[in-house]
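Each remark here refers to the structure printed beneath this line.
The values are calculated or read from the model by the stated rules, or taken from the named source; none is laboratory data. Bear in mind the structure is a predicted one, so any value in this text is a computation, not a measurement. Glycine gets a Cβ as well: all are built from the backbone with ideal geometry, and neighbour counts include every protein chain shown. Just so you know, the surface numbers come from the protein's heavy atoms only, side chains and all, with ligands and any DNA or RNA stripped out. Shrake-Rupley method; radii C 1.70, N 1.55, O 1.52, S 1.80 Å.
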Amino acid sequence: MGETTYSVEIVVPEDADSERAGEVVEIEVGEEEYVLAAARNEGLWLPADCQQGWCTTCAAELLEGEVDQSDAKRYYEVDDDEDMTLICTAKPRSDLRIRSHQHREMLEHRAEYDKPPGKSKLG
Ligand code: FES
């Protein structure tokens, strides 16, 4: 039966609050797996909270590739337009390259388009 798997490169920014800051971590993610869970299984602990595609804590920037974001509870067309992804509920549909730790950027983006949660959540 063999599930299709994709190669996913996760670029952890230099300034990320992570032991892996500055690294590029390559993992394999099955087509029915979420990127966040797959990364954590591989020992890369990325931030998340709700794990339902709602809170935006896990936001990342999609640098290359396509994801299926249909399991996210709150994901807007403008997020897709700006290549923002919620990796807790993102399933790969191609090989991917992703920049992690984009929660603040996501909040700013949502505020710009007047979508929740916007600047009110910025500390
Ligand atoms: S962890 Fe809440 S949206 Fe992904």
Using helices alone, I'd like the mean residue ellipticity at 222 nm for the chain: each DSSP H run of four-plus residues gives -39500 (n - 2.57), total over residue count, nearest 500. -4500 deg cm²/dmol
Might you tell me the accessible area per residue for the chain, computed with a 1.4 Å probe and given in Å²? 55 Å²
Among 52-61, 77-86, how do they line up from the highest to the lowest mean number of other beta-carbon atoms within 10 Å? 52-61, 77-86
Nearest-10 value in Å² for the accessible area of Glu64, using the 1.4 Å probe: 110 Å²
What is the local net charge at Glu31, summed over the other residues whose Cβ is closer than 9 Å to its Cβ (Lys, Arg +1; Asp, Glu -1)? -2
Residues with beta-carbon under 10 Å from that of Tyr76, excluding Tyr76: net charge, scoring Lys, Arg +1 and Asp, Glu -1? -2
